[in-house]
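For reference, the structure discussed in these notes is given below.
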Amino acid sequence: MIARGLLKIFVRKHPEIKVEAVVADALYGNAEFMDEASKITGNSQVISQIRHNQNILFKDKKNQ
């Protein structure tokens, strides 16, 4: 999958950048991709489809 490969390259080439979240649209929003993306980026949040009532964690605070 292209997105997975791009994540691996980005993390390898930019170790100084901490990825805190990955937002994936419905195309990549399957469980396998989400689990792998989280592992690649150091256990970051992976969000597939943000709803108006969904909380996300940003700087240790829940945002809605």
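Side notes on the structure shown:
- Close amide-amide hydrogen proximity is noted between Ile47 and Val22, Val23, Ala24, each under 5 Å apart and 5 or more residues distant or on a separate chain (H modeled in the peptide plane; Pro and chain starts excluded).
- Here the stretch 3-26 is scanned for amide nitrogen atoms under 20 Å from the site 7 Å beyond the Cα of Lys59 along Cα-to-Cβ, giving 17-23.
- Ranking of Phe33, Phe10, Phe58 by neighbouring Cβ atoms within 10 Å, starting from the fewest: Phe58, Phe10, Phe33.
- Most positive-pole-ward Cα, Leu6, Val23, Ser44, against dipole of the stretch 2-51 from beta carbon charges: Leu6
Quick note: the coordinates plus some simple rules give every number you see, no bench work behind them. From a predicted model like this one, the values you see are computed outputs, not experimental measurements. In this analysis, Cβ positions are derived from the backbone assuming ideal geometry, glycine residues included, and neighbour counts consider all displayed protein chains.
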